[in-house]
Amino acid sequence: MPKTGSEEIALYMRTYYSLLRSSDSIKLETLVESHLAMRSSLHERGHNAAPDASALMYSALRLPACIIQTQEVLIGQLEAGFVRAGYRNIAAWKRVYAAGRRRRTHFDGESTMAVYSVSRSDIDDLVPILTAFQIEWNKLHLALQNQELRALLAAYADDGDLPDADFADLAAGLSMAVSDLRRLQLLWERDFLRNLQRIARARKSMTLRLIAGSLADYRRATASWWEELGAELADVGIDPGDRPVYFVSSNTHALVNLLAGFARRFEESLVQYIEEFDEKSLLTEYEDIKESYHKSTDNFLYYVLRRYLSEQGSQARRALAEEEHRLGIHRIPSRHGFEMETQVIELGKLEAQWFDARLGRADDLAPLRYSNAIIINIDYPLGMAAYELLSRIAPGVGRLDGVYVMGKAATLNGRIGDVMIPNVVHDEHSQNTYLFRNCFTARHLRSYMEHGNVLDNQKAVTVRGTFLQNPNYMGVFYQEGYTDIEMEGGPYLSAVYEAFRPQRHPMDEIVDLHSVRFDIGFLHYASDKPMKSGQNLGKGSLSYGGVEPTYAAAIAILRRIFHNETEKLIETNYEALPAF
């Protein structure tokens, strides 16, 4: 693997890690120079006096709304660590959430935000996001010193909505496109004008304090998560140490929707919901699908169900929870430290009659009723958290029968919505290049993809953070044939190595994993095109367009698990086993 020429990125990382060793808070301002010097692909107009709308939106989406008031950010692992540092009531602070990141975060209601870190990748992600947000805040602050703009904000502060002409004047005064400012308005909603007034009043000057961040601290937090999960599972009679386990890293909705058939059962309510509450475009999409003889409504209904449950469906949520329990689908939230839901799915309790038809014929899946295997599905960890979690799971289960990873990635050669299937992963954490047999090929997904491409035999690079990339960095990898940029593959493969070999994973080596005795499957769907200016999720969202690759990947994973498990059951004469 050639050197990437990313000295500026390395300097930036050394700067914030050395500063965070301090026992006191550091000023984020001290990181601005090195942040700008790396010329991140996500902050390519950071040096400009005009706001970088994509960087502003990207960072704002990944920070809770309370960032507007925040002056100090604390980073730690567990409540006990915060207590030892003198913050005794963190758990009583208000829980706050970001639209684009899952981290357990609390706000004291005044100016301090406490963030729980799962691994060092949280630092590599959070520090650049905070720095970028502060840089763009201060650009807006300078522009809002214009008295005409301040008067404009004051005139509509109570009403909360600007007429189109005045909105266009505000965008022009801020050197932003109207469409970019509209996106910011959509994010901040009713607080849009109030937030701009806050920005006008004062520069942003946040401080940052690392409460704890040793490898022992991260492992202690992961051990606490696993113990908590084991206690919850014991209550429903499951001991992972006695079960074959298929490990999946995906999201909290795709597998359950495919297995439980809720969307079809609630179709009438979902259609009524989009008729009454949603934009016309979704209803038009539904009608077009219904009129087409070759299209299925399943993916569409899955997308609407997720929105319906979050916005309207308290009664439906209760009904679904009861049905999930009956079907052996257990959702277990992490109550301390991590912001992550774990799903444990008992294959023997599922009912094939409710499966999405794309998973296979119910008669062919009948042997699953005799299976004692479980699926452990965790909700997309970030970076090195993947290594910490799988390293904890692997020795704690009866037998690991497969590791399947579905997640977002940036593509250097494809389009947003494509699916990439790598069999080579270079890991920037360990500097290892992993070679493995991916159990998936393009044929496993092609029939479930109407719009995007499926690209197998790809080479992926696992980066340390989304901001920690620049054109030179990506260009070097592209020249070497690396087209898939993501954040979890390398850490997962380091954990796979340790589940297979009697030693810790090596460093800076070419590592051959072809002889691993269980399945390895990676499916990445493209959400960003960093080689194209501004084409990242700060500029927009996958939204409904992301549904097709998500479900194509989830279908492929479940079909693979079902195939492997039914083959094992047939070999062991499953009819002689007790059915679940």
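For the range 130-167, backbone nitrogen atoms closer than 12 Å to the point 7 Å from VAL178 Cα along Cα-to-C-beta are found at 163-167.
Size check on the range 92-195: the Cα extents along the three principal axes, sorted descending, read 46, 27, 22 Å. Please list, in order, the residues from the range 194-216 whose amide nitrogen is less than 20 Å from a point placed 7 Å along the Cα→Cβ vector of ALA49. Taking a point 7 Å out along Cα→Cβ of ALA49, the residues of the range 194-216 whose backbone N falls under 20 Å are 200-204. Average 1/r across all pairs of distinct alpha carbons in the chain, invert it, and you get the Kirkwood radius: 25.2 Å. For the chain, averaging the sequence separation of C-alpha pairs within contact (under 8 Å, six or more residues apart) and dividing by the residue count gives a relative contact order of 18 percent.
In a fully extended conformation the segment linking ARG415 and HIS451 would gain 11.9 nm over its present Cα-Cα distance, using 0.36 nm per residue. Distances between placed amide hydrogens fall under 5 Å for LEU455 paired with VAL419, MET420, ILE421, all partners being 5 or more residues away or on another chain. So if each residue of separation counts as 0.36 nm, and I subtract the Cα-Cα distance between GLU276 and ASP217, what length gain in nm does that give? Extra length from GLU276 to ASP217 when fully extended: 16.3 nm. Placing unit charges on the Cβ atoms of the charged side chains and taking the dipole of the range 7-210 about its Cα centre, the candidate lying farthest along the positive direction among LEU140, LEU174, LEU56 is LEU56.
Applying 1/(1 + (r/R0)^6) with R0 = 41 Å to the Cβ-Cβ distance of ARG437 and ALA80, what FRET efficiency is obtained, to the nearest 0.05? Result of the calculation: an efficiency of 0.45. Determine which residues of the range 229-255 fall in the zone a paramagnetic label at ARG517 would reach in this model, i.e. backbone nitrogen under 11 Å from the point 7 Å along Cα→Cβ. Correct set: none at all. Residue-normalised convex hull volume from the C-alpha trace of the range 7-210: 113 Å³ per residue. Full extension of the chain between THR572 and GLU72 yields a length gain of 174.1 nm, computed as 0.36 nm times the residue separation minus the alpha carbon distance.
For the range 1-73, the Kirkwood hydrodynamic radius comes to 14.2 Å, computed from all pairs of different C-alpha atoms.
Ranked from largest, the principal axis spans of the Cα set of the range 266-371 equal 43, 41, 23 Å.
Among the chymotrypsin sites (Phe, Trp or Tyr not before Pro) within the range 235-326, those in coil by DSSP and having at most 16 neighbouring Cβ atoms inside 10 Å are TYR293.
If only the Cβ of Lys and Arg carry +1 and only the Cβ of Asp and Glu carry -1, the dipole of the chain around its Cα centre is close to 1160 debye.
Here r is the Cβ-Cβ distance between ASP191 and ARG317 and R0 is 35 Å; the resulting FRET efficiency, rounded to 0.05, is 0.80.
The alpha carbon gyration tensor of the range 345-488 gives principal lengths a ≥ b ≥ c with a/c of 1.5 or higher and a/b no greater than b/c, which makes the shape oblate. With q set to 0.17, 0.19, 0.22, 0.24 Å⁻¹, the log10 of I(q)/I(0) for the range 130-180, from the Debye formula over equal scatterers at the Cα positions, is -0.55, -0.68, -0.86, -0.97. Hey, which of these cross-link pairs are over 22 Å Cα-Cα: LYS27/LYS408; LYS408/LYS568; LYS408/LYS529? Pairs exceeding 22 Å: LYS27/LYS408; LYS408/LYS568.
Every read-out reported here was derived from the displayed coordinates using simple, explicitly stated rules and does not represent laboratory data. The structure presented is a predicted model; accordingly, all values stated were derived computationally and were not measured. Every residue, glycine among them, receives a Cβ derived from its backbone with ideal geometry; neighbour counts consider all protein chains shown.
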